[in-house]
Amino acid sequence: MKLKGVNPAEQHVEKIVLGVVALVLLGVLTMQFAIPPKGVSVGNREVPPDKALDPVLDEARRVLAKMNDPEPARPDVSQQELKSVFASRIAQPTVPAKRFAPLGVATNLGTFDAVGEGTDGGMYALPALPAANGPIASAYRGSVHPSEWAASEALRQKLGEDQPFDLGVVTVQAFIDGSAIRTALLTDADGDGGAARPLPPSWWRQGFEILGVQLEREHRMSDGSWGERTIVEGMPGRVDVLGELSQTNTNDPMMLVEMTRLAAAEMDQITKPTFYRTIAGELWRPPAAAITAGSSDNAAVDRLVRQAKALDRDIQKLQAAMEDDGSAGGSTTPGGRAPTGGGGKGRGGGGSSQPASRPSTGDRADPRVARLDRMSEQLGSVELELEGMGYAIDGTKFDTAEIDEDVFGKMAALFSNDKLAMWSHDVTVVGGETYRYRLRPVFNNPAFGRQQALSEDQQTLAESLTFPGPWSAWTEGVQALDDEYYFVVNAREADTLGGGPSASIELYEFYYGYYRRATMTAEPGDQLYAEARVPDGLVLLNTENLKLLDDAEPAVAPPPRGPRGVPDPDGGRGRGRAPGVIEPGITTTRAGQRPSGDQQGEIDPELGEPALRKLQIRVDAVLLDVARVPGSGGQTDGGLVEAPEEFRAFMTSGAAGSVSIRLPSLDEASAVYQAVEASWRAGQKAAAPEPAETTEPDNRRPPRSDDRNRPPTPAPGGGGGGGGSG
Amino acid sequence: MSGILKFLKQRWLPIVCVLVVLGTLPTAWIFSNKWNAEILKTAEDDAGDKLNKIKRARVTYVIPSVVPGQQDTTISDSPNAAMTAWVADQRQQRVEQAGLVMADATKRNKAKHGPLVQGLYPEGPGNDSQLKRQMREYLELMTGDARAGKPSWYTRTLREAGAGTVPNAAELGQLIAEQKDREEAIASAESEDGRVDAERQKQIDESLVSRRIGEYRRHAQGFSFYADESVLGGHNLFPTPSMEARDGAQVPSHEEGFMWMADAWVLEDILGAIGAANTGVGGERTEVELSPVKRIVKLEIDKLPLFGARKGDPGGLISRDGRAPLDPNASITGRVSSSENSVYDVRNVRLELVVSSEKLPSVIEAFHSTGLMTVTDLDLTEIDVWDDLSQGYAYGNEHVVKASMSIEIVWLRSWTVPLMPKTVQQILGVNNNG
């Protein structure tokens, strides 16, 4: 019943208030439970208030873990070898040079005859100096760099005007014991009771040096004997103290003193003269290195090297055949050998033998592809096995970073050096001829000018400026590399189809650093003539614009000359040559080619003119006939095996028309063929542009099984061992 | 208005209640927010403090570098037993390396230096009379006895180092005179009138000159360089050659004797360097004509620096980290003796030599490679070779100059202090740095 006088608001106010409060309560409950509470920031993390200590706990656990870590991460602390640092700094020279130029004119007191020493007319015994031991010789052929030609009038006369300046040389090397020389000087040769005394030390303490290394040569005559013994002339353009002395007519001992000082300063160039800088071709090596490179004393290495060469040859033949058939869709690597990839020991993971590139074929069923793969894999295995033995695939022993004492001897002054290497070059050899050599060091004569100190009988001792040591033993015979060769690689008799006898002949001629090859098929009556292709880009330099290269490196860098008797710690051999810097801004590669990127055939006239592209090789020889080798062919082993027939070619050559018989198997197996053919191959590889790589072979680590990184084949060397009886 | 008031008066209680209820809500809201914020802040601060304390629980490991120019290695991380052990090992290795170098340097620096008389240094006999007797023997050793033909220690040392003197003028003069008489007699016998003509006399004179020069040069073949006691100079602590030990003569004190010994070591160092320079390729001592150092003209040794017991010294050199302080104003090396320098003492020597100008680098190198010596100054002057030759100095055929050098010799206290008497240590201020 509605109350009289009460409005609806008053009537329901308590409900309204209750409603408002209920709404507020609802809101509070919603805020409490539905909306997340405001968090706290602890260590850059926002966490709920009830979990405020969680970051602290986490950090504490992390720190505790670090504290308890048995293998904490250690910083890379450089190992400090203070003692070696101290020792090296103490040992470092303070003054950069061992000697200055004299600051004034030296006083010339001349020589003197010491009273009381050497004036009593007593007899003096010349010392019995030791001979050089272990003489060996090796032949080399290279193209002399025009800068060398430009720098020496004598060399210009020898080489003429026409480039390339190809030159053959035989180098003879031996070792001498300097400490034994000193002992000999001090030793009384005829004993204490003898009449003769050793030379007074004061006569030779002022300087006893090697003024030159003299070379004597004998030529193998047609009857096989040795004759035409001659003293070999010095190498044009090199330090020739002996030559200068021989042109001097003086009795002035000071002249000898000065030459002795020069010899002391130039000891390395006198005992180990560098060969001429070459513009192309394999680097010259000392005989001890060249002979080692061409052979090994390890029969297993020889076998593996032969196996590698045979595999390489077969791979090339197979690739060529596949290309001819058109079944090779891809390209092979330059040089024809499919490079091998991994496989075998020593390679991480022992990868598959997939070659880096090989002929692809649309017909996967071609069995030759599988055979090619197999052979490539075999070759890779052989290469790895050789690497494990310390040899490259061509039999070259890997160089070490250290100076090879077996090649360059010890680096010390004469008297304190028991293994002083010395060599001399014979640039007067005639290609194709065989020679043998012996050498001896020539010293300054300590008794020169000391007539007053010598007895009447020994006055002649004081006349000569030089004092030669004894001759070494003769080397084995070494054949100088000829300018051109021919080899019969195949011969066939007339067959039943009417084809006449013929022979496959490879002609080689040396041009611009390498032997260039041409092949021909000759029939009886044919003169040997063919045209060889020379790689593009070879330049005959403009000699008028040549500047002498102040820092020209020698063709081979023997242990660099540091202060006398002190090996240069930064030195090393076999650094080869830097790219030939002809003029500032113009750089050529080893073969004289312009850097890649230049168009073929475009040569800056200032630089020179292009070399021959085609080489006409004409050998003075004619094929007479081809005949089967008696006894070859037929059946052996009771008819089970068919022996191959062999044919030989009869050749006539020379004005006298001498006849020679050439057997392909012998020709191919000969050392000369191996060397000449290797030179040709190297020339082919050198033709491929290598702008980004240095021109030196890196023999200090095993090369990868990849053609591009193979060390070059050794210089053709007709090596001769030493030790023959004199 | 009166209606509203009447309405309020009649219903004041419920109105007040409603107002109270409704007013409580926002008030509670405000206060609860405020409290909430305070609670949160307190919790945040508390957690933050704890977290910072944990993060500050780090240590700094330092592995000092022993190679000059290289930085120390500093590692700031939580402490870890394995890391602590490793750092300790690294530090120990460096300490060992430093020890090795120190031993090497000490050995190099000390060379063959030692007491010239055994049993006298560092401490002599406790008995005064015995000490005096030993000091007298010491004096005799150093000064020699001319009457008994005993050379002084200096003369002996110079000879052992390869020093020699010019030929005896009287004897040589006699020799030349005899030859002159001989040749003149031959010449007059050969001449028609029994006289020696001018041309022949000239020849005789030339041969006599050659003979004299030859004799000088032959004589010079017997030793490595010219020097005798007269070239030795120095300060008043250096015993002069004229001092001789006689009964009753003044005997040096123990400390004075040590200073003599110190100067003797300097001489040994200098002669050692000259010997190194004058050693040929075969390890043999070269004769004068081939030697880089041909003559010692003068040798002066500066006093051993004395600082006394006071700390600090002029110049204000302060040692940092125990290292010897350097004074760039003192010399090009900056090394200087000072009371703050507990590592080494510096002896300065002024030397005048006749050297081959061409071989001067090897002379400098010899000083640098002997002991711990440094050439701090070098002046070259021309000399009159013929004038020296006329006095008997035959230098040979090389161009020679006079080199005036200042040599700085560093002696490490690691080997000198054990030989110093305590009194000398006090004089030198050895114990100033504890």
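Considering only Cα-Cα distances, which of the following residue pairs are longer than 23 Å: A:272/A:419; A:51/B:53; B:110/B:150; B:110/B:422; B:298/B:359?
Table pairs above 23 Å Cα-Cα are B:110/B:150.
What list do you get for A:12, B:113, A:425 if you sort them by fewest beta carbons within 10 Å? Please list the in-between numbers first.
Working: A:12 13, B:113 20, A:425 23.
The fewest-first ordering by Cβ neighbours comes to A:12, B:113, A:425.
If you stretched the chain out fully between residue A:531 and residue A:103, how much longer would it get, using 0.36 nm times the residue separation minus the C-alpha to C-alpha distance?
Going from the current span to full extension adds 147.7 nm.
Using packing as a proxy for protection, rank A:499-506, A:47-54, A:91-98 so that the peptide with the highest average count of other Cβ atoms within 10 Å comes first.
Values: A:499-506: 20.1, A:47-54: 16.1, A:91-98: 11.8.
Per-residue Cβ counts within 10 Å, averaged per peptide and sorted highest first, yield A:499-506, A:47-54, A:91-98.
Sequence gap at least 6, Cα distance under 8 Å: using those rules, report the relative contact order of the range B:151-224 to the nearest whole percent.
Here the relative contact order equals 48 percent.
For residue B:56, what is the net charge nearby, where nearby means another residue's Cβ is under 15 Å from its Cβ and Lys, Arg count +1, Asp, Glu -1?
Charge balance in the 15 Å sphere: +3.
Go through B:202/B:402; A:38/B:34; A:66/B:41; A:309/A:685; A:98/B:303; A:158/A:685 and tell me which ones have a Cα-Cα distance over 22 Å in this structure.
B:202/B:402; A:66/B:41; A:98/B:303; A:158/A:685
Taking each residue of B:40-50 in turn, how many C-beta atoms of other protein chains fall within 10 Å of its C-beta, and what is the average?
Per residue, the number of nearby Cβ atoms from other chains is 6 on average.
Each residue of the range A:435-448 in turn: what ³J(HN,Hα) in whole Hz from Karplus with 6.51, -1.76, 1.60 and θ = phi - 60°, glycine and Pro shown as x?
Taking θ as phi minus 60°, the curve returns 10, 9, 9, 9, 9, 8, x, 10, 9, 6, 8, x, 8, 4 Hz for the range A:435-448.
Which of the trypsin sites (Lys or Arg not before Pro) found in the range B:151-205 are loop residues per DSSP with 15 or fewer other Cβ atoms within 10 Å of their Cβ?
Hits after loop and neighbour filter: B:195.
Within a 10 angstrom radius of each residue's Cβ in A:94-106, how many Cβ atoms of other chains show up on average? Whole number is fine.
Average neighbour count from other chains, rounded to a whole number: 6.
Return the FRET efficiency for the residue pair residue A:661, residue A:307: r is the Cβ-Cβ distance, R0 is 35 Å, and the value is rounded to the nearest 0.05.
That pair, residue A:661 with residue A:307, gives E of 0.75.
If you average the sequence gap of Cα pairs under 8 Å that are 6 or more apart and divide by the length of chain B, what percent do you get for the contact order?
That works out to 16 percent.
At residue B:177 and residue A:133, where each label point lies 7 Å from the Cα along Cα→Cβ, what is the point-to-point distance in nanometres?
Label at residue B:177, label at residue A:133, 5.9 nm between them.
For the Cα atoms of chain B, what angle does the longest principal axis make with the long axis of helix B:128-143, in degrees from 0 to 90, nearest 10?
For helix B:128-143, the angle is close to 60 degrees.
Using a 7 Å offset from the Cα along the Cα-to-Cβ direction at both residue B:202 and residue B:95, what is the distance between the two label points in nm, to one decimal?
8.4
Give the calculated FRET efficiency between residue A:222 and residue A:255 to the nearest 0.05, with a Förster radius of 35 Å applied to their Cβ-Cβ distance.
Numbers: r = 45 Å, r/R0 = 1.30.
Efficiency for this residue pair is about 0.15.
Two decimals is fine: what's Rg over Rh for the range B:88-150, C-alpha atoms, Kirkwood radius as Rh? Please list the in-between numbers first.
Working: Rg = 19.9 Å, Rh = 15.2 Å.
That ratio equals 1.31.
Can you check what the net charge comes to around residue A:57, using other residues whose Cβ is under 11 Å from the Cβ of residue A:57 (Lys, Arg +1; Asp, Glu -1)?
Net local charge, residue A:57 excluded: +1.
Using the basic label-point model (7 angstrom from Cα toward the beta carbon), what is the residue A:91 to residue A:316 distance in nanometres?
For the pair residue A:91/residue A:316, the computed spacing is 4.8 nm.
Rounded to the nearest Å, what's the spacing between the alpha carbon centres of the range B:1-57 and the range B:325-340? Just the number, please.
If we compute the Cα centre of each part, the gap is 78 Å.
Percent of alpha carbon pairs in chain B separated by more than 34 Å? Please list the in-between numbers first.
Working: 53752 of 93961 pairs.
Every Cα pair in chain B considered, those over 34 Å come to 57 percent.
Using Cα springs under 10 Å in a Gaussian network model of chain B, which residue among B:139, B:208, B:267 shows the largest mean-square fluctuation?
Per the Cα network of chain B with a 10 Å cutoff, B:208 tops the list.
Let me have the relative contact order for the range B:1-136, percent, based on Cα pairs under 8 Å that are six or more residues apart.
12
When you look at the Cβ of every residue in A:49-56, what mean number of other chain Cβ atoms sits within 10 Å?
5
When DSSP beta bridges are limited to those with both residues in chain B, what percentage is antiparallel, rounded to the nearest 5?
Values: 36 of 41 bridges.
The antiparallel proportion sits near 90 percent.
Test of understanding: in a Gaussian network model of chain B with alpha carbons linked when under 10 Å, which of B:39, B:176, B:383 would top the mean-square fluctuation ranking?
Ranking B:39, B:176, B:383 by mean-square fluctuation puts B:39 first.
State the extension gain, in nm to one decimal, for the chain segment bounded by residue B:27 and residue B:379, taking 0.36 nm per residue of separation less the distance between their alpha-carbons.
116.8 nm
Before rounding to the nearest 500, sum -39500 (n - 2.57) across all DSSP H runs of length at least 4 in chain B and divide by the residue total; then give [θ] at 222 nm in deg cm²/dmol.
So the helix-based figure for chain B works out to -15500 deg cm²/dmol.
Angle between the Cα long axis of helix B:198-220 and the longest principal axis of chain B, 0 to 90 degrees, nearest 10?
40
With θ set to phi - 60°, apply the Karplus curve 6.51 cos²θ - 1.76 cosθ + 1.60 along the range A:51-64 and write out the HN-Hα couplings as whole Hz, x wherever there is a Gly or Pro.
10, 4, 8, 4, x, 5, 4, 4, 5, 5, 5, 4, 5, 5
For the peptides B:103-112, A:237-246, what is the packing order when you average, over each peptide's residues, the other Cβ atoms within 10 Å and list the highest mean first?
Most protected by this proxy first, the peptides run A:237-246, B:103-112.
Please find, in a Gaussian network model of chain B (springs between Cα atoms separated by less than 10 Å), the residue of B:42, B:376, B:27 whose mean-square fluctuation is greatest.
Of the options given, B:27 has the highest mean-square fluctuation.
Using θ = phi - 60° and the Karplus relation 6.51 cos²θ - 1.76 cosθ + 1.60, list the HN-Hα couplings for the range A:168-179 in order, rounded to whole Hz, with x at every Gly or Pro.
In residue order, the calculated couplings are x, 8, 10, 10, 10, 10, 8, 10, 9, 9, x, 5 Hz.
Laboratory data are not the source of any read-out in this text; all were calculated from the coordinates shown. On a predicted model such as this, the values are computed, not experimentally measured, just so you know. Neighbour counts are summed over all protein chains in view; Cβ atoms, including those assigned to glycine, are modelled from backbone coordinates with ideal geometry.
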